Each structure stands twice: as structure tokens, then as C-alpha cells.
1. Place a +1 charge on the Cβ of each Lys and Arg in segment 141-203 and a -1 charge on the Cβ of each Asp and Glu, then give the dipole magnitude about the Cα centre in debye, rounded to the nearest 20.
2. Treating only the Cβ atoms of Lys and Arg (+1) and Asp and Glu (-1) as charged, compute the dipole magnitude of segment 57-152 about its Cα centre; round to the nearest 20 debye.
3. Counting only heavy atoms of protein chains, what accessible area per residue, in Å², does segment 83-136 have with a probe of 1.4 Å?
4. Counting other Cβ atoms within 10 Å of each Cβ, which GluC sites (Glu not before Pro) in segment 84-159 have at most 14 and sit in a DSSP loop?
5. Percent of accessible area on segment 83-163 owned by carbon and sulfur, 1.4 Å probe?
6. Between Ala227 and Ala276, what is 0.36 nm times their sequence separation minus the Cα-Cα distance? Round to one decimal in nm.
7. Could you check how much of the accessible area of segment 299-345 is carbon and sulfur, as a whole percent, using a 1.4 Å probe?
8. Skip the ligands, DNA and RNA, and give the accessible area per residue of segment 278-345 with a 1.4 Å probe, whole Å².
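The values are calculated or read from the model by the stated rules, or taken from the named source; none is laboratory data. Nothing here was measured: the structure is a model prediction, and the numbers come from that model. Cβ coordinates were reconstructed from backbone atoms using ideal geometry, including for glycine residues, and neighbour counts include every protein chain displayed. Ligands, DNA and RNA are stripped out before the accessible areas are found, and what is left, the full protein with its side chains, is counted by its heavy atoms. Shrake-Rupley method; radii C 1.70, N 1.55, O 1.52, S 1.80 Å.
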Amino acid sequence: MKPRSLCALVLALALPALAQNQPQLEPLVPRKPSQPQLPPIEPLSRPPRGTILVGVLVLGALPDGVSSQMMEGLRAVLKLAPTVKDAVVLDAPQPCTKEACWIMAGAAANVGQVIVAALQGGSLRMKVVDVATRKQLAQAQRERVSSIPDEATASAEALACQLLVPAGCTGQVVVDAPEGVELSLDGQALRSGQSRMVPVGVHTLRIKEGDTLSLRLLPVLHERTNALALGAPPAPAPVAALAAAPVAAIAPAPAAVPRRTWTRTAGYVTAGVAVAAAATGLYFGAKSRSDLNAAESAYRNNGGVYQPSDLNTLQSGNSAAHTANALFIASGVLLAAGAVLTFAF
């Protein structure tokens, strides 16, 4: 073929393709239907909730019942913490009161953090220590904590929840009371037999029966139903019928004979002094009468004139008369006083 003919043939084939403006048609071969996009399948087991293993250490000279129960209560509360995988009880040497000892015990147990609770003198202290960084992360304290196992454990759970469980920790309370008894828990009315969820810790139960009002501490723990049954009030003792007593049994007892006291002796002495005074008064009275009679006789014999000696006799008689009168008065007073002392007392 000539070169000119070959060039004309190429142009003839290329010009229609360059002038085409419409999109090319798809081939008639059918495609497979598209599959819907499905979500990925989740694994059957989810990863653990937390990643930290916490060691529990309880310090203080506590009875075995208090120490072991507090440890178990702290383990139960720590399981609620969002970052805690599990809680184990540490076996630390005693005494272990320094942070270095707590960290060594935590490192030996291969835990990430150590929570330390110490109860001493009614004060409950709690600390959270990080084993890797050897730093104290948090601490809390509560005063006037009882050493009774339930109350001490409830207070420890409340502190641990405050430090590590932001959402809070609760426990179930059920109180059964006899009919007619009014109950209120922390100021809120509570029906007998009603189940209520309250924060862990020690709560105040108010019990009112008629005019009698009493308060009672109610410890609330997380992993148990905190049930309390109030007993029925004691029935009044039956009043026994009074049997008819014999007449001799109800006759009044004879009056006790009054004892003789020193007043009777003083009355006798006073009466004796009164008699002596009266006798002396009689003597002076007789002397006064004799002197006055002698002076009167001398006066008549001397023609109505008193001699000097007669004047002395007259004066002596008057003085004796005054003395006799005074003695008689004193005798009467003493005699009356003696009678009062003798018979009135």
C-alpha cells in the first residue's frame, strides 16, 4: 500500500472518535450485586474494667475481728472503683507504719497502689500510695470512729469510697419494728420492713414509740443486707390481786418510846438550882422581917425617934427584902426552865 493511502486510512478511523461528545456506553455484561457494609464483630470477652491492682493494708492494734472485717469491706468497695482491677490483702510485717514499708509490701505483692487504713484513738486515717512513683496520691480522715467491727468497717468503706469511687457506694437497709413505732433514718421517714439504698457508712436511726424517743447508730456495709429487727416492747408485769390481810397485820405499829436525852438531866439540875434560890430567898425574907421589926420597936421606944443604930438595922432589913425578892423571881424562872427541859424534850 502506498504511504498516501495508509495515512488517509488512519485519519478516517481517528476522526469519528475525536468528534464523539457523549460518554461511552457501559458493556452489557451484568455486574455482581454489592454487599452491605456490616459492623465489625466485637469479641466475646471485654477487657477488664480497671488496670490497677490495689493492695489493702490495715494498721493499728485492732482485734482480729475488726481488722479482718475491715480488710474485706475495703476489698468490696475498691472493686467499685473505675480504675481498680482487683484488690488484694497485703501481708506486711508488723509494725509497718512508714510509707517505705507500705511501698515494699506493695512491690512484694506486685500491686500498683496501696490503700492504708489506720484506726487509733477513735481517729480513722486512710491514705493511697502509688508503688511505682513512691508518692502519696490521696488521704482522708474521720474522727470519733467506734472500734465495734461493723461501725469501724462502715466508716472505712465510706472513706475508701470517698477516695477512689467518684460515683459513690451504697448498701441496702431494712429495719423491722413493732406496730406503733415510728422510724426515721438520717431525718427521713422509714417504714417498717422497707428496703432502702443509702451510702455506706454509719447512719443515725431515730426510734419513737409514744412519748419515748431514742437514737441508734446503724452501720451500713456495701456487700450485705443491713437488716435490723427491733423487738416488741416488754409487756407490763401483771398486777397481782391483793389478798385480804389479817387485822393484826395492818394494825398500826406502836409508837416508839422517846429516848431520854441530856435535856432531862439539865431540867433536873435547873429545878434544883431553883429550889436553892427559893430557900435563900426565904432566909433573906426572914432576916428582912426581923430587922424591920427591931427598927420599928426601937423607934416606938425612943419616942418616935430613930437612933443611929436603928437606922442601920432599918437599912439592913430593906436590903434583905430586895435580895429576897430577886431570889424568888430567879427561882421561879429557873423552875419553869427546868420543867420545860424535863417534860417537853
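1. 200
2. For segment 57-152, the charge dipole is close to 360 debye.
3. 53
4. Glu143
5. Numbers: 2040 of 4170 Å².
Solvent-exposed carbon and sulfur of segment 83-163 make up 49 percent of the total.
6. On the way: separation 49, 0.36 × 49 = 17.64 nm, distance 9.36 nm.
Full extension of this stretch gives 8.3 nm more.
7. Answer for segment 299-345: carbon and sulfur cover 65 percent of the accessible area.
8. That works out to 64 Å² per residue.
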